[in-house]
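See structure below.
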Amino acid sequence: MASFTSWSFKFLFMTLATFAIISKPSLAVAVPVFQSSPWAAAHATFYGDESASQTMGGACGYGDLYSNGYGTDTAALSTTLFNDGFACGTCYQIKCVDSPWCYSGVPSTTVTATNICPPNWAQDSNNGGWCNPPRAHFDMSKPAFMKIATWKAGIVPVMYRRVPCERPGGVRFSFQGNGYWLLVYVMNVGGGGDIANMWVKGSKTGWISMSHNWGASFQAFATLGGQSLSFKLTSYSTKETIIAWNVAPENWNVGSTYKTDVNFH
């Protein structure tokens, strides 16, 4: 009888323990969400004309800003803000302040960083060398500038802050390179808009770390032809990591852009 009672107790205990494990609610994993930064002071100028044709391309490597979803609401950042290209794709809310050239009733406009405004050491930082370090400066497309101030102003004081990038759809990957070197431009990035680290995985390989090339591009020196490709990305701002599985098919080509349905928050 004693052994039967002992066995019954053990069975009851195991049953209750199993039920507790199964019925334990799953713990929600907090997903990092990019939050707007505090307002800060800077200045803004513009480059190009109303067509914004001179803003196409740029140091970030986005190419045709129209077809790649950025349009004319863009800006080149001074080197202080550009952060060696890691600021490519970041979004800024900008408002004109303390100038008679500011448009009244226009609270702000939002632009995406697509280019760098290089230093001009031949000019004083307060007289032409607007993008010289350590100045925070936005050289906006003319259409974007004209949303906050009269273009005749040339330069206006502004307040700015980082804001979440609202992008339709998922991250896009544009391929360049050759059979032994894959160069990928990362576009349409939501959330903080920026990328800190990136990995590629072929259907026949493990995860391969990619190095930052310049602007919004990352590279891998590997033979990946004939394999479907997946990518893992970590946000520079929030450290959130996402995985885009099977982005490109086995017969992928350089010069092509591949879309996904995943993005940062």
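Using a probe radius of 1.4 angstrom, the carbon and sulfur fraction of the accessible surface of segment 31-126 is 53%. Is any residue of segment 230-262 close enough, with backbone N under 18 Å, to a label point placed 7 angstrom from the Cα of VAL33 along the Cα-Cβ axis, and if so, which? From segment 230-262, the list is 235, 237-242.
Using a cutoff of 8 angstrom between alpha carbon atoms and counting only pairs six or more residues apart, the relative contact order for the chain works out to 21 percent. In the chain, the longest principal axis of the Cα atoms and the axis of helix 2-23 are about 20 degrees apart. A 1.4 Å probe run over the chain, with the rest of the protein chains in place, finds 51 Å² accessible per residue. Toward the positive end of the charge dipole of segment 171-260, with +1 on the Cβ of Lys and Arg and -1 on the Cβ of Asp and Glu, the farthest Cα among PRO249, GLY192, GLY179 is that of PRO249.
Once neighbouring chains are kept in place and the probe is 1.4 Å, which whole percent of the accessible area of segment 171-260 is contributed by carbon and sulfur?
49 percent
Beta-bridge orientation, the chain: approximately 85 percent antiparallel, per DSSP, counting only bridges with both partners inside. Of the labelled figures (i) 20.9; (ii) 16.1; (iii) 12.8, only one reflects mean projected area of the Cα convex hull in nm² as derived from the coordinates, namely (i). Extension gain for the segment TYR47 to SER104, taken as residue separation times 0.36 nm less the Cα-Cα distance, is 18.3 nm to one decimal. The protection proxy used here, the mean number of other Cβ atoms lying within 10 Å of each residue, ranks peptides 111-117, 97-103, 72-78, 199-205 as follows, highest first: 111-117, 72-78, 199-205, 97-103. Residues of segment 138-177 with amide nitrogen under 15 Å from the 7 Å Cα-to-Cβ point of TYR66? Those under the cut-off are 143.
The values are calculated or read from the model by the stated rules, or taken from the named source; none is laboratory data. Because the structure is predicted, anything quoted here is derived from the model rather than measured. Here Cβ is always computed from backbone atoms with ideal geometry, including for glycine, and neighbour counts include all displayed protein chains. In case anyone asks, the SASA skips ligands and DNA or RNA and just uses the protein heavy atoms, side chains included. Shrake-Rupley method; radii C 1.70, N 1.55, O 1.52, S 1.80 Å.
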